[in-house]
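All remarks here apply to the structure that follows.
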Amino acid sequence: MANVVVVGAQWGDEGKGKIVDWLSERADVIARFQGGHNAGHTLVIGGTVYKLNALPSGVVRPDKLSVIGNGVVLDPWHLVEEIASIRAQGVEIGPETLMIAENTPLILPIHGELDRAREAVASPDAKIGTTGRGIGPAYEDKVGRRSVRVADLADDATLEARIDRALLHHDALRRGLGLDPVDRATLLARLREVAPEILQYAAPVWKVLNEKRKAGRRILFEGAQGALLDIDFGTYPFVTSSNVIAGQAATGVGVGPGAIDFVLGIVKAYTTRVGEGPFPTELNDDDGQRLGERGHEFGTVTGRKRRCGWFDAVLVRQTCATSGVNGIALTKLDVLDGFETLRICTGYDLDGKRLDHLPTAADEQARCVPLYEEMPGWNESTEGARRWADLPANAIKYVRRVEELIDCPVALLSTSPERDDTILVTDPFAD
Ligand code: GDP
């Protein structure tokens, strides 16, 4: 398989970082295709810890091309800082190793201000729980055809015209929210200052990637967040502002859908969610507390405590379908060590009827009661297991049952944060 898409198959934080790192060693090109710098990946390579938000995971490896595709929204000042901090760790980053699509929309300071002002006035149950980094408002401006895009930084007259178009809209909104009008001169000055830093990486990414494909190069499409946060198929409105599902990999960089050979869904052996929104299998008891503590379930970007619950096979079956997942990487199996009994949600009861999917209507989602199947747990440690033979029988039974219920095979099984503590069943890049 030449090209692999990695998508989170739950609400994010499934452990994509480790798996993407593992795969990026074998890819030639690593491309981000959606999201912004709200993604938080921690990579540990040769004992060095790298923290990445906007940069693709390939950037810390020499000889790889890292690509930021047009499906991403980019905060240029944050990117410059991130590049500087990775460089300070001894990594070389230049136009040969990093390319940014010219048609990538920018996140401006006014987007973060709008994000935070709106969350501040929203009633408690209407808050989305955004990271406040302006990603949502930047996507709104893209669809509203008033974005400043990377290519606009190259021409001052265009840049001014783009800013004026954006400010017409933003100043009206800001008035309603009690914010001062935008300081146009300062915003323009800041953009002019950052422009050369960004433009050195600007490229027609669609063209470069199509050429790479023809030359037989392996592309890894690196997804952020998770499919249940997808703007169309997630738990709307408690979702992110972009498409997260695998189809976005094609539109987010400019290759055809046929360019995707294997979709790897990253799935945690239980469920977590950050922020607001429906979560049928959420546990507010000792078991939930234990999952959170054993799994270190605190956000890498926000530090927020993640909500925890049992594995929900209904949701993962659904995301495997909407992303066309060919195989999953099941992560954090070791966190389940020591539970006497495990529960897996196999369906929902909605007003006395059994459902095998999450309904779309918010009121119905709220009334869904999870139906559980119980499985015996295991006392032995699975941490660090690298072979099936290292796993207790009940752990294998749990994994097999997950495969059956989500109707998708396990390609990789992760048993610790260490990259080599992984059981390989199917190599996504293998022909
Ligand atoms: P991402 O956003 O999907 O990359 O997920 P995060 O990086 O936020 O969460 C993954 C966290 O779990 C990181 O701290 C990883 O080191 C850790 N992790 C990944 N896989 C495993 C695993 O199999 N077992 C355990 N215990 N931790 C893991």
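Condition first: polar (S, T, N, Q) and buried (at least 18 other Cβ atoms within 10 Å of the Cβ). Can you find one or more residues in segment 101-118 that meet it?
Yes, that holds for at least one residue.
Could you please find all residues in segment 247-273 being part of a loop (DSSP other than H, G, I, E, B), of a type in the set (A, V, I, L, M, F, W, C) and buried (at least 23 other Cβ atoms within 10 Å of the Cβ)?
Result: Val253, Val255, Ala269.
Please determine whether any residue of segment 336-347 is part of a loop (DSSP other than H, G, I, E, B), closer than 21 Å to Gly265 by Cα and out of contact with any Cys (no Cβ under 6 Å at 6 or more places or on another chain).
Looking for residues that are part of a loop (DSSP other than H, G, I, E, B), closer than 21 Å to Gly265 by Cα and out of contact with any Cys (no Cβ under 6 Å at 6 or more places or on another chain), one finds none in segment 336-347, hence no.
Suppose we filter Val205, Val143 for residues that are crowded, with 17+ Cβ neighbours inside 10 Å and at negative phi; which single one remains?
Val205
Cβ contacts < 8 Å: first residue on the phi > 0 side of the Ramachandran plot, restricted to segment 3-21; second residue open to solvent by 10 Å² or more (accessible area, probe 1.4 Å) and more than 6 Å from the ligand (Cβ to nearest atom), any location; separation 6+ or different chain. Result?
Between residues of segment 3-21 that are on the phi > 0 side of the Ramachandran plot and residues that are open to solvent by 10 Å² or more (accessible area, probe 1.4 Å) and more than 6 Å from the ligand (Cβ to nearest atom), the close pairs are Gly12/Gln225; Gly12/Leu229; Gly12/Val274; Asp13/Val274; Asp13/Gly299; Asp13/Arg306.
Within 16 Å of the ligand (Cβ to nearest atom), over 30 Å from Gly292 (Cβ atoms) and at pLDDT 95 or above: does that describe Val80?
no
Among the residues of segment 276-298, count how many are closer than 28 Å to Pro359 by Cβ and surrounded by 14 or more Cβ atoms within 10 Å (Cβ to Cβ).
Of the residues in that region, 13 qualify.
Which members of segment 228-237 meet the condition of being open to solvent by less than 40 Å² (accessible area, probe 1.4 Å) and either in contact with a Cys (Cβ under 7 Å, 6 or more places away or on another chain) or hydrophobic (A, V, I, L, M, F, W, C) (or both)?
Leu228, Leu229
Suppose we filter Val335, Val316, Val267, Val255 for residues that are of a type outside the set (S, T, N, Q) and over 23 Å from Tyr372 (Cβ atoms); which single one remains?
Matching residue, one of Val335, Val316, Val267, Val255: Val255.
Restricting attention to segment 74-86, does a residue exist that is among the charged types (D, E, K, R), more than 28 Å from Thr235 (Cβ to Cβ) and open to solvent by less than 40 Å² (accessible area, probe 1.4 Å)?
yes
Might you check whether a residue that is in a loop (DSSP other than H, G, I, E, B), within 11 Å of the ligand (Cβ to nearest atom), more than 21 Å from Arg133 (Cα to Cα) and within 15 Å of the chain's Cα centre (by Cα) occurs anywhere in segment 32-43?
Among the residues of segment 32-43, not one is in a loop (DSSP other than H, G, I, E, B), within 11 Å of the ligand (Cβ to nearest atom), more than 21 Å from Arg133 (Cα to Cα) and within 15 Å of the chain's Cα centre (by Cα), which makes the answer no.
Identify the residue in segment 1-29 that is in a loop (DSSP other than H, G, I, E, B) and of a type in the set (A, V, I, L, M, F, W, C) and, among all such residues, is surrounded by the fewest Cβ atoms within 10 Å (Cβ to Cβ).
The extreme case among them is Met1.
What's the total number of residues in segment 127-152 that are without any contact (Cβ under 8 Å) to a residue 60 or more places away in the chain, hydrophobic (A, V, I, L, M, F, W, C) and over 15 Å from Pro109 (Cβ atoms)?
Total satisfying the criteria: 2.
Given (1) farther than 24 Å from Gly40 by Cβ; (2) in a strand (DSSP E or B), identify the lone condition not met by Pro95.
(2)
Determine whether segment 211-223 contains at least one residue that is under 27 Å from the mean Cα position of the chain (by Cα), surrounded by 15 or more Cβ atoms within 10 Å (Cβ to Cβ), outside the structural domain of Arg32 (by TED's automatic domain parsing) and within 22 Å of Ile83 (Cα to Cα).
no
Restricting the search to segment 160-185, which residues are acidic (Asp, Glu) and loosely packed, with under 14 Cβ neighbours inside 10 Å?
Correct list: Asp164, Asp180, Asp183.
Would you point out which residue out of Leu188, Leu173, Leu168, Leu179 is over 23 Å from Gly71 (Cβ atoms), among the aliphatic types (A, V, I, L, M) and assigned to a loop (DSSP other than H, G, I, E, B)?
Leu179
Could you check segment 303-323 and list, in sequence order, the residues that are open to solvent by 40 Å² or more (accessible area, probe 1.4 Å) and away from the ligand (no atom under 16 Å from the Cβ)?
Listed by number, the residues that qualify are Arg317, Gln318, Ala321, Thr322.
What pairs come out if I take residues in segment 40-60 that are of a type in the set (Phe, Trp, Tyr) and pair them with residues that are open to solvent by less than 10 Å² (accessible area, probe 1.4 Å) whose C-beta lies under 8 Å away, six or more apart or interchain?
Matching pairs, first to second residue: Tyr50/Leu43; Tyr50/Ile86.
Write out, first by first residue and then by second, each pair whose Cβ atoms fall under 6 Å of each other, whose residues are 6+ apart or on separate chains, and whose first residue, in segment 319-347, is not assigned by TED's automatic domain parsing to the domain that holds Gly223 while the second is within 16 Å of the ligand (Cβ to nearest atom) and in a helix (DSSP H, G or I).
Thr319/Ala227; Ser323/Ala227; Ala329/Ile19; Val335/Arg294
Quick check on segment 391-431: of everything there that is out of contact with any Gly (no Cβ under 8 Å at 6 or more places or on another chain) and more than 22 Å from Gln10 (Cα to Cα), which residue is farthest from the ligand (Cβ to nearest atom)?
For segment 391-431, the residue satisfying everything is Asp431.
The values are calculated or read from the model by the stated rules, or taken from the named source; none is laboratory data. From a predicted model like this one, the values you see are computed outputs, not experimental measurements. Note that we place each Cβ from the backbone using ideal geometry, even for glycine, and neighbour counts take in every protein chain shown. Note: accessible area is taken over every heavy atom of the protein model, side chains too, but ligands, DNA and RNA are not part of it. Shrake-Rupley method; radii C 1.70, N 1.55, O 1.52, S 1.80 Å.
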